[in-house]
Amino acid sequence: MTVRVLLADDQALLRGTFRLLIDSVPDLEVVGEAGTGREAVALARELRADLVLMDIRMPDLDGLAATALITADEDLAGVKVLVLTTFENDEYVAEALRAGASGFLGKGIDPAELLDAIRVVAAGDALLSPAATKALIGRFLAQPDPGRRAALPRLDVLTAREQEVVALVAAGLSNDDIAERLFVTPLTAKTHVNRAMTKLGARDRAQLVVIAYETGLVRPGGP
């Protein structure tokens, strides 16, 4: 199946460059372009793309706010957001994840890596830039504001094994890695991950990372 991509960036030249790159491969297709955050939200609702490639710094409505509106819309539950920006720092990563983004990359990424990132996020996996280290991400995610803390899901809805699996997801492990660590099959690992997402109301693995840090299941610098 072809992954349908919506481009959201205020620079027309960059959008054109991304379109040429994405449309050059048979399994990806650009279905629309937005120059502002508000336009990105409107087009996401109109076009129902599989993934939005979202810039952070845009006029009218920034990419973080646009991401939050898209991910909060139940009618857009299947739409993934991959944040792509020149402003690659840990605070932006944390805010992007809190807003519901499934991945975060710097604009200096290699073209082939960008195409792979789109495929990874569209498939439902979380993706973080290598420059965004887990410890520094955790420093921001481990300090939710009081209003957000009250809305966090209760971890006691998970079994002990599911909590263990969520912690491993937050550590950046794939299903295959988790299976090897826990001496189970990859299918069993995937089942535990999917059950945890369902119980916690998480859209994808990226949201499991957010929940793991903000509930204290995983702590910055911890194992």
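The values are calculated or read from the model by the stated rules, or taken from the named source; none is laboratory data. Note that the coordinates shown come from a computational prediction; the quantities given were computed from them, not determined experimentally. In this analysis, Cβ positions are derived from the backbone assuming ideal geometry, glycine residues included, and neighbour counts consider all displayed protein chains. Remember, those area values only see protein heavy atoms, side chains included, never the ligands or the DNA or RNA. Shrake-Rupley method; radii C 1.70, N 1.55, O 1.52, S 1.80 Å.
A Gaussian network model of the chain, with springs between Cα atoms under 10 Å, assigns the largest mean-square fluctuation among Ser174, Ser102, Ser24 to Ser24. Label zone of Ala112 (point 7 Å out along Cα→Cβ, amide N under 17 Å): in region 18-41 this covers 21-22, 24-27.
Working out 0.36 nm times the residue gap between Thr159 and Ser24, then minus their Cα-Cα distance, what length gain in nm do you get to one decimal? Write out the running numbers ahead of the final one.
On the way: separation 135, 0.36 × 135 = 48.60 nm, distance 4.49 nm.
Gain on extension, Thr159 to Ser24, equals 44.1 nm.
Go ahead and set up a Gaussian network model of the chain, Cα springs under 10 Å, then flag whichever of Asp156, Asp23, Asp73 fluctuates most. Sorting by GNM fluctuation, first place goes to Asp156.
Which angle from 0 to 90°, rounded to the nearest 10, does the C-alpha axis of helix 63-72 make with the longest principal axis of the chain? It is inclined by approximately 60 degrees. Ranking Gln11, Met197, Gly108 by how far each Cα lies toward the positive end of the dipole of the chain (charges on Cβ) leaves Met197 at the top.
Evaluate the charge dipole of the chain about its Cα centre and quote only its size in Debye, nearest 20, assuming +1 on the Cβ of each Lys and Arg and -1 on the Cβ of each Asp and Glu. List each step's numbers first, then the result.
Details: 24 positive and 32 negative charges, 147 e Å.
Once rounded to the nearest 20, the dipole reads 700 debye.
Computed from the C-beta positions of Thr2 and Asp60, the FRET efficiency with R₀ = 30 Å rounds to 0.50. By how many degrees, 0 to 90 and rounded to 10, does the Cα axis of helix 37-47 deviate from the longest principal axis of the chain? The helix 37-47 is inclined about 90 degrees to the chain. Using only alpha-carbon positions in the chain, the gyration tensor eigenvalues give semi-axes of 29, 19, 16 Å once each is multiplied by 5 and square-rooted (largest first). Here the accessible area of the chain is 54 percent carbon and sulfur, with a 1.4 angstrom probe and all protein chains present. Rolling a 1.4 Å probe over the heavy atoms of the protein chains gives region 1-61 an accessible area of 48 Å² per residue.
Could you give the length gained by full extension between Arg38 and Arg219, i.e. 0.36 nm per residue of separation minus their alpha carbon distance, to one decimal place? Provide the component values of the computation, followed by the final result.
Numbers: separation 181, 0.36 × 181 = 65.16 nm, distance 3.51 nm.
Between Arg38 and Arg219, full extension yields 61.7 nm more.
Counting only DSSP H runs of at least 4 residues, each contributing -39500 (n - 2.57), and dividing by the residue count of the chain, the helix-based mean residue ellipticity at 222 nm comes to -15000 deg cm²/dmol.
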